[in-house]
Each structure stands twice: as structure tokens, then as C-alpha cells.
Amino acid sequence: MQEGVSKNLGTNVSIRDNLLVQTSKKESYGYSGSVICTDGRMEYRYGILESRIMLATANGNAACFWTRTKDGGSVVNEMDMVENFGMDKFRPNLHTWAATHTDHGKMITLRETCEPEEGESFSDTFHHIALEWTPDFINMYLDGEIYLSQEITSDTWYAFRETTYVIFNSSAPSALYADEGKPGNWLAGGDVKPLEAAKLFDTNKDGRVDIEDFYEEQLVDYVRLYQINSRQYSLKAKK
């Protein structure tokens, strides 16, 4: 899908009508997209992180809203609120990166795939996505409804006591990300035919694969962080 080249460009980020706009598009060399993060500017531990966002999920794009601990420490946590694997639906996940990588997916108590309402797309409707993170549990919400919930008090979840930073991603996915060239294969739970996946790019609905027309926009209305006034929940607090 990337034709071997994908670049994340600052020029693919803009402000329009007071919205943050991230674009992904076809380029002569492959594809371009953007990644925005608070690494080096803001880290936090515990609280409620909320965004109102219109996801770039219409044409096989990789749309992600997630957090991650800064590299260099002994452990790294990753909380994926949105990860769509090239489809117009998304699934949450939790990861730990230490001496080895642990995908906690199968351990999570409640973990649901989120799909748009009938007649809608995540790419044409704003939704509220929130991460509630405490010393005891992690909850994720889509428009106020929980789609992930996990208690994190045991040693299995020790990495989730570290600070984290915020990331928004909108870019053409790599073959590895898209399950070896099959966008959505992992989410769909079965085989996805490459040609059928490529038809996502048929922007004028003429039955042709219009890769040259690939273009996505992700719109972020706001990002807000709520924390209570205590040492335990304060910015960059450590146990």
C-alpha cells in the first residue's frame, strides 16, 4: 500500500475553522500523512483524557488516538483508544514494552470493537473518545459508553503506573500494520481479499481502483485532560 515509501509531514497538519486537520494523501513517491504527539512537551499520569474527533477511516487510512510512555525508561506502557487497521471501525488495546513486548489484548476483561451507527461513518461524524486512567483501573469510552475496562492493580499491569504522552496518527498504513497487505484482516477475524480492500479507494464509485485519488482528513475539535488536585494524580507524579 505504501509502495515502499511513506512520510509523515508537518505540512499535512493545519488549522481550519478552529479544527486541527491531519491529512493523508497519495504522493508521487508513495504516501504522506502526519503524527502529532506531546512527547517532550507534556506527559501525565492518571486522569481523564478526552477528545472530540472525526476519524480518518473512509479509504483504508490508519487512524489512531493513543498514548505511550517516553522511550528510555525501564518500562513503557501503550494505551490504544483508537486503532482502525485500515477499516471504518476500531478496536482498543493495551501494551507493555519492557525487556519484551506484551500484547495484553487477550487478558483484558472488557474489550469491544467499535463500529459506526448504521448510515454513518466515523469519517463523517464527530465522536467523543475518552480514556479514564486511575491507579486501580483503565476505562475507555465512545460517546459515554464503555468499550474497554481493565483493573490494573496486579503486577501484570505494573507498566501502567508510569507517565505517558498523547499521540494522534493519520497515515497510509504499512503492509505490516495492515496484516501483510490485507487491511482489516485482524479486525474482521478472517481473510480479506486484497482487491476488495483496494476498492476502498474507488472514490467516484465507477468500479475502478483509484489509488491516485487517495485522500483522507482527520479533524480534531479539542483534547482535554481532567485531573484531581492531589500528588497521586499530578503531572509527572511517580509512585
* **Matching residues in region 90-107 - criterion: being within 18 Å of R161 (Cβ to Cβ), among the hydroxyl-bearing types (S, T, Y) and either surrounded by fewer than 18 Cβ atoms within 10 Å (Cβ to Cβ) or under 13 Å from the mean Cα position of the chain (by Cα) (or both)** => T102
* Structure fact -> Reported set for region 127-144 where residues are on the phi > 0 side of the Ramachandran plot and either over 17 Å from the mean Cα position of the chain (by Cα) or open to solvent by less than 20 Å² (accessible area, probe 1.4 Å) (or both) is G144
* Structure fact -> Taking region 113-126 and keeping only residues that are out of contact with any strand residue (DSSP E or B) (no Cβ under 6 Å at 6 or more places or on another chain) and either in contact (Cβ under 8 Å) with a residue 24 or more places away in the chain or surrounded by 14 or more Cβ atoms within 10 Å (Cβ to Cβ) (or both), one is left with T113, E115, P116, S121, F122, S123, D124, T125
* Verdict on L110 being buried (at least 20 other Cβ atoms within 10 Å of the Cβ) and at pLDDT 95 or above -> no
* Asked: Mind checking which residues of region 19-38 are in contact (Cβ under 8 Å) with a residue 40 or more places away in the chain and not in a strand (DSSP E or B)?
  -> T38
* To do: Could you tell me whether region 18-36 includes any residue that is closer than 27 Å to F137 by Cα and open to solvent by 50 Å² or more (accessible area, probe 1.4 Å)?
  => no
* Output for region 125-171, where each listed residue is closer than 23 Å to W97 by Cα and in a loop (DSSP other than H, G, I, E, B) -> T134, P135, D136, I152, T153, S154, E162, T163
* Does I167 count as touching a helix residue (DSSP H, G or I) at 6+ places or on another chain (Cβ under 6 Å) and under 19 Å from H95 (Cβ atoms)? -> no
* **Candidates E115, E43, E50, E120, filtered to the one that is among the acidic types (D, E) and within 18 Å of S149 (Cβ to Cβ)** => E50
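Residues checked against (1) at pLDDT 95 or above; (2) over 18 Å from G105 (Cα atoms); (3) open to solvent by 70 Å² or more (accessible area, probe 1.4 Å); (4) hydrophobic (A, V, I, L, M, F, W, C):
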position	(1), (2), (3), (4)
Q150	yes, no, no, no
S170	no, yes, no, no
Y177	no, no, no, no
G184	no, no, no, no
F214	no, yes, no, yes
Q218	yes, yes, no, no
Q232	no, yes, yes, no
L235	no, yes, yes, yes
K239	no, yes, yes, no
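The values are calculated or read from the model by the stated rules, or taken from the named source; none is laboratory data. Since this is a predicted model, take the numbers as computed values, not measurements. Neighbour counts run over all protein chains shown; Cβ positions are idealised from the backbone, glycine included. In case anyone asks, the SASA skips ligands and DNA or RNA and just uses the protein heavy atoms, side chains included. Shrake-Rupley method; radii C 1.70, N 1.55, O 1.52, S 1.80 Å.
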